[in-house]
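A.B. asks: Take this structure first; my questions come after.
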Amino acid sequence: MYCPHCGKEVADDAVVCVGCGRSLQGGGTKVGQGRVGSQMTRRSPAAVLLLPFVTFGIYELYWLVRTKTEMNAQGAKIPTAWLLIVPIANWYWLWRFSVGVQHATGGKTSAATSFLLYFFLSVIGAAIIQNELNKAAA
Ligand SMILES: [Zn+2]
């Protein structure tokens, strides 16, 4: 078959054109663009604030892991959340998470701001960060 984008002849089962690098599976998405346009899931800041209390903190971990995964899908590079259970390394992880927040909010919430919010206010800080992420997703 021939590439619909550049006309180069490619294998019939090719997924990506060897000529122009574009996807041959409709949409014409350029390879390497990743999941641009994937959005952060909007969540209720009140839920982020209150659910940890009724779930004995489990929701808080869930929130950190979910938002981490979503921010990484947007190009942030936050390491595994297992670091959260390692003393000292959990500060490092929180910093990387905060850099991800800065990335996901397009710089509106700086890494330093979200780090301090979470470090000092815990779930209250998480609720504020969620509110900022919601604004960025809007
Ligand atoms: Zn092509």
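Only the coordinates and a few stated rules stand behind these numbers; no lab work does. This one's a predicted model, so the numbers in the text were calculated from it and none came from an experiment. No Cβ is skipped: glycine too gets one built from the backbone with ideal geometry, and neighbour counts run over all protein chains shown.
A.B. asks: Got a sec to turn the phi values of region 80-87 into Karplus ³J(HN,Hα) couplings, 6.51 cos²θ - 1.76 cosθ + 1.60 with θ = phi - 60°, whole Hz, x for Gly and Pro?
C.D. replies: With coefficients 6.51, -1.76 and 1.60, one gets 4, 6, 4, 4, 4, 8, 9, x Hz.
A.B. asks: To continue, here is another question. Taking amide hydrogens as modeled 1.01 Å from N in the peptide plane, which residues meet the under 5 Å criterion relative to Val16, leaving out close sequence neighbours?
C.D. replies: Answer set, sorted by chain and number: Leu24.
A.B. asks: Hey, another quick one. Rounded to a whole number, what is D in µm²/s for region 45-137 from Stokes-Einstein with the Kirkwood radius over alpha-carbon pairs (37 °C, 0.692 mPa s)?
C.D. replies: 254 µm²/s
A.B. asks: Convert each backbone phi in region 56-64 into a coupling constant with the Karplus relation 6.51 cos²θ - 1.76 cosθ + 1.60 (shift: θ = phi - 60°), then list the ³J(HN,Hα) values in order as whole Hz, x for Gly and Pro.
C.D. replies: 6, x, 5, 5, 4, 5, 4, 4, 4
A.B. asks: In deg cm²/dmol, rounded to 500, what helix-only [θ] at 222 nm does the chain give when every DSSP H run of at least 4 residues adds -39500 (n - 2.57) and the total is split over its residues?
C.D. replies: After summing the helix terms and dividing by residue count, I get -16000 deg cm²/dmol.
A.B. asks: Under 20 Å from the Cα of Lys68, which aspartates and glutamates turn up, not counting those fewer than eight places away in the same chain?
C.D. replies: Hits, sequence-local ones excluded: Glu60, Glu132.
A.B. asks: Dipole of the chain, Cα-centred, from +1 at each Lys and Arg C-beta and -1 at each Asp and Glu C-beta, to the nearest 20 debye?
C.D. replies: Taking the Cα centre of the chain as origin, the dipole is about 280 debye.
A.B. asks: Taking neighbour counts of Cβ atoms within 10 Å as a proxy for exposure, in what order, fewest first, do Lys135, Lys77 appear?
C.D. replies: The fewest-first ordering by Cβ neighbours comes to Lys77, Lys135.
A.B. asks: In whole Hz and in residue order, list the ³J(HN,Hα) couplings for region 67-75 that follow from phi through the Karplus curve 6.51 cos²θ - 1.76 cosθ + 1.60, θ = phi - 60°; x for Gly and Pro.
C.D. replies: Coupling constants for region 67-75: 5, 4, 4, 5, 5, 5, 5, 8, x Hz.
A.B. asks: Can you work out the FRET efficiency for the pair Lys8 and Gln39, with r the C-beta to C-beta distance and R0 = 30 Å, to the nearest 0.05?
C.D. replies: 0.35
A.B. asks: If I model a spin label as a point 7 Å beyond the Cα along the Cα-Cβ vector, how far apart are those points for Thr69 and Ile85 in nm?
C.D. replies: The modelled label-to-label distance comes out at 1.8 nm.
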